[in-house]
Each structure stands twice: as C-alpha cells, then as structure tokens.
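Note sheet for the following structure.
The values are calculated or read from the model by the stated rules, or taken from the named source; none is laboratory data. Remember, predicted model here, so these are calculated numbers, not experimental data. Note that we place each Cβ from the backbone using ideal geometry, even for glycine, and neighbour counts take in every protein chain shown.
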Amino acid sequence: MTLSVAVRRRLGAFDLDATFESEGRLTVLFGPSGSGKTSVVNLIAGLLKPDWGRIAVDGRVLVDTKAQISIPMHRRRIGYVFQDARLFPHLTVRQNLGYGRFFAPKTERKEDFAHVVDLLGIDHLLDRRPSLLSGGEKQRVAIGRALLSSPRLLLMDEPLAALDEARKAEIMPYLERLRDETKVPIVYVSHSIAEVARLATTIAVMAEGKVVACGAARDIVGRLDLMPPDERREAGAVLDMVVAEQDRHFGMTVLRSAAGDIRAVGLNYAIGSVHRVRIRARDVMLAVERPVGLSALNILSGTIAAIAPAGDHLIEVRLNCHGETIISRITRQSLETLALAVGREVFAVVKAVAFDEGTVSREERIET
C-alpha cells in the first residue's frame, strides 16, 4: 500500500502544510499535541477538505484540488477509530459489529466476522452492551466494527489515549496482531514513543503543522533530535532480535542480534520468534574497558560512530555494534572523563530489568 499526502489547510491561526509518502503496513503520525496529526487524518477521511493538495491511497486519488477531484467521505471506504470508542450504547457488541458490516457492499466484504472476533479476542463479549465493557474492550470492539466495514484504509486517532497503563498493555498485543495479520493498511496517530516503537513500520514526525521527517521506524526512533522534550527519555535504538534461549532457572530470555545477546527478565516467548526490541538511550552506560563484577548482565562491544549534543550538558553517543546501532545518552562530564571520541572501541552496558513488555514487542514471527 502506498499512501501519498500533500495538503495545505488554514485552521484559524494554524497553518497545516504536510507532505509525506509511506509504503508501510502501519504508518504513525507522531508528534506533540497541536502539531496537526488529527487534522491530517481528518483530511484523509474526508471530514475536512484541504485548501490545496492531493491525497491518494494505492493510486486511487481521494482528493486533488488541481484536478477538482474530491471523493465524498462515505465513498472513500475508510475505517476510523477515535480516542473514545463511540459504540452504540443500546446495541450489544454483536450488533455494533454488525453495524460496521452493514456498510460494506456485499461484493466487497473481505473480513470474516469469526476471524475478526478471534483476532481481537472479543468472542466472550458478543452479548454484552458497551456499559459492561472496560475501556480496552470497548476499543477492541470499535476496531472490529471498523474492520468489518472492509475498509481500504484504517485510521486510528490515538486509540489508547483515554486508557490507563493496564488497559494499554491489554490492547497493545491486539494492535500488533492487527498490523501483522490483516491486509488493511493503517494510519495511526500517537504522541507516545513507547507506542510508536512497538507498532510503527513507518513514522512521519509532525511539528507545528509540518512533516519534519518520514522514514522507517527504527531510523526515526533513533533520532533523539526529533523527539518532543517529554518523550526523549523513552527514545533509543530499535533492533529486531531473535529469542535464542529460555533460561528457566533464572527466568531469563536471551535475545540475539548482530549486536550481541541481551538477557531480559520474564518474557515467555517462543525460541526462534522475532521481536522488536527498544533499547532506551538513557538505559545504556558506556565503559572503555570490559566491565567485571557488575550486576548488569548485558555488555555489548562496539565502536563510537558519532557524538552529538543532546540538550543541556547531555551527549548522545552512537555506537556501531557489529552493524547494529546502539545509542547512549551520557553527561558531558562522562564524555570528557572517559576521553570518548569517534572511532574508539567501548562497551555498552544495559541492565536486564530495562527490558519488559513495554520495550519488547509481542510480535512472534518465526525466523526461517
């Protein structure tokens, strides 16, 4: 799926001027509140019209102001999941799902009801009304309703924003399954780097109404300079790692990539499965000699590839660890004390407890 967006729209005193292209399964519009993310998805959906621009999905033009093309919202075949589930309170879950299916032409109904129910784990909820559902359950039903309309594109505007951390953790694996097991491309709005790092295949970063960067998730998440100030603590490197071993005695999972082995606590994943691992820059310590006598279990060797300022008295150090990038955020004092320089060999040290289900995805592709 190719999504092409180039739009301008004046919204009061706010100027939106956003241009990006994506071929990813799940494209995230990422940025702080007020950056224009929701306005972009509303333009894609047809809830807003651009003053100028063009929007196309897989070559199908939805809007082209120059050619005077503007497909009505109801003919765009786009599913939309909002922050709040917006279920019909007088209908059961089954009936809410059926409402979505009603809007799909019979000849274009691609999604099977039973498959969607199984995908989202809502079989036991079918006869309940929305008032008896948790926030996470409501959102899963809302996603199911949107899927059963057999959309060509699914828009999700911060679907986890109204949920507490426990409910977010509950729904995240279903979003991963949605990305990996359906053929429906997704545009997902978020200002949370934790969500973005787990879900995105492509990220378009927005600031003050403009797209300031767009690229593969692992490249963008590693750009600390693109992160909003309140999200920089969560930023870092993203690696695809394979489960190489389960140490039952110590409850450790050994994750492997070219960078080396990482030991993490309590991740009960299948050996051979591939997972996306976020190594936060703030969790990475550096040493100029291989450390001994540490409680931290993960030591990766590498060479300093780049050094750059990362705010007041902080430094971002990028390491090349056998072809993989690891990022460390340290103080300027540490930089000078250790005499760190590009080309120097160092060791990255990370605690095993830095990894959990918030930094390691539940994606379970099996390596072949």
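Limited to segment 234-263, what total is found for residues that are in contact with a strand residue (DSSP E or B) (Cβ under 8 Å, 6 or more places away or on another chain) and either over 24 Å from Ile203 (Cβ atoms) or surrounded by fewer than 15 Cβ atoms within 10 Å (Cβ to Cβ) (or both)? Show your work before the answer.
Keep residues of segment 234-263 that are in contact with a strand residue (DSSP E or B) (Cβ under 8 Å, 6 or more places away or on another chain), which gives 234-247, 251-263.
From what's left, either over 24 Å from Ile203 (Cβ atoms) or surrounded by fewer than 15 Cβ atoms within 10 Å (Cβ to Cβ) (or both): 243-247, 251-254, 256, 258, 260-261, 263.
Here the count works out to 14.
Cβ contacts < 8 Å: first residue at negative phi, restricted to segment 47-74; second residue in a loop (DSSP other than H, G, I, E, B) and among the hydroxyl-bearing types (Ser, Thr, Tyr), any location; separation 6+ or different chain. Result?
Pro50/Thr65; Asp51/Thr65; Trp52/Thr65; Arg54/Thr65; Ala56/Thr2; Val57/Thr2
Quick check on my filter: what residues within segment 60-87 are modelled with pLDDT under 90 and either farther than 27 Å from Val141 by Cβ or not assigned by TED's automatic domain parsing to the domain that holds Glu137 (or both)?
Listed by number, the list is empty, since nothing qualifies.
How many residues are closer than 21 Å to Ala197 by Cβ and free of Cβ contacts under 8 Å to residues at least 24 places away in the same chain when one looks only at segment 1-46?
Total satisfying the criteria: 0.
With respect to the numbered conditions (1) closer than 15 Å to Phe355 by Cα; (2) assigned by TED's automatic domain parsing to the domain that holds Thr19; (3) acidic (Asp, Glu), which one is the sole condition not fulfilled by Glu208?
Here Glu208 clears every test but (1).
For segment 306-340, which residues satisfy the criterion of being closer than 25 Å to Met241 by Cβ and either exposed (fewer than 15 other Cβ atoms within 10 Å of the Cβ) or among the polar types (S, T, N, Q) (or both)?
Within segment 306-340, Ala306, Asn320, His322, Gly323, Thr325, Ser328 meet the criteria.
Within segment 3-59, how many residues turn out to be more than 12 Å from Ala204 (Cα to Cα), of a type in the set (Val, Ile, Thr) and more than 18 Å from the chain's Cα centre (by Cα)?
Total satisfying the criteria: 4.
Identify, please: which residue in segment 153-172 is surrounded by 18 or more Cβ atoms within 10 Å (Cβ to Cβ) and part of a loop (DSSP other than H, G, I, E, B) and is, among those, farthest from the chain's Cα centre (by Cα)?
Let us first name the residues in segment 153-172 that are surrounded by 18 or more Cβ atoms within 10 Å (Cβ to Cβ), namely 153-160, 163, 168, 170-172.
Now narrow it down to the ones that are part of a loop (DSSP other than H, G, I, E, B): 158-160, 163.
Values: Glu158: 11, Pro159: 12, Leu160: 12, Leu163: 16 Å.
Checked segment 153-172; the qualifying residue farthest from the chain's Cα centre (by Cα) is Leu163.
Answer yes or no: is there a residue in segment 125-144 that is assigned by TED's automatic domain parsing to the domain that holds Tyr99, assigned to a loop (DSSP other than H, G, I, E, B) and under 20 Å from Lys110 (Cβ atoms).
Of segment 125-144, the ones assigned by TED's automatic domain parsing to the domain that holds Tyr99 are 125-144.
Adding the requirement that they be assigned to a loop (DSSP other than H, G, I, E, B) leaves 126-129, 133-134.
Checking the rest, the ones that are also under 20 Å from Lys110 (Cβ atoms) come to none.
No, there is no match, as no residue in segment 125-144 is assigned by TED's automatic domain parsing to the domain that holds Tyr99, assigned to a loop (DSSP other than H, G, I, E, B) and under 20 Å from Lys110 (Cβ atoms).
Quick grid of which residues meet (1) touching a Gly at 6+ places or on another chain (Cβ under 9 Å); (2) basic (Lys, Arg):
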position	(1), (2)
Arg280	yes, yes
Thr303	yes, no
Ala308	no, no
His313	no, no
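Go through segment 271-322 and count every residue that is farther than 15 Å from Arg233 by Cβ, out of contact with any strand residue (DSSP E or B) (no Cβ under 9 Å at 6 or more places or on another chain) and not polar (S, T, N, Q).
The qualifying residues number 2.
Whether any residue in segment 173-183 is crowded, with 20+ Cβ neighbours inside 10 Å, acidic (Asp, Glu) and part of a helix (DSSP H, G or I) is what I want to check.
no
Tell me yes or no: at least one residue of segment 31-43 is buried (at least 23 other Cβ atoms within 10 Å of the Cβ), in the same structural domain as Tyr80 (by TED's automatic domain parsing) and in contact with a His (Cβ under 7 Å, 6 or more places away or on another chain).
Yes; the residues of segment 31-43 include at least one that is buried (at least 23 other Cβ atoms within 10 Å of the Cβ), in the same structural domain as Tyr80 (by TED's automatic domain parsing) and in contact with a His (Cβ under 7 Å, 6 or more places away or on another chain).
Assuming Ser301 fulfils every condition listed in (1) closer than 21 Å to Asp240 by Cβ; (2) crowded, with 16+ Cβ neighbours inside 10 Å apart from one, which condition is it?
Ser301 satisfies all of (1) closer than 21 Å to Asp240 by Cβ; (2) crowded, with 16+ Cβ neighbours inside 10 Å except (2).
Kindly establish whether Ala354 is closer than 30 Å to Gly266 by Cα, modelled with pLDDT under 95, surrounded by 14 or more Cβ atoms within 10 Å (Cβ to Cβ) and out of contact with any His (no Cβ under 8 Å at 6 or more places or on another chain).
Numbers: closer than 30 Å to Gly266 by Cα: yes; modelled with pLDDT under 95: yes; surrounded by 14 or more Cβ atoms within 10 Å (Cβ to Cβ): yes; out of contact with any His (no Cβ under 8 Å at 6 or more places or on another chain): yes.
Here the answer is yes, as Ala354 does meet what is asked.
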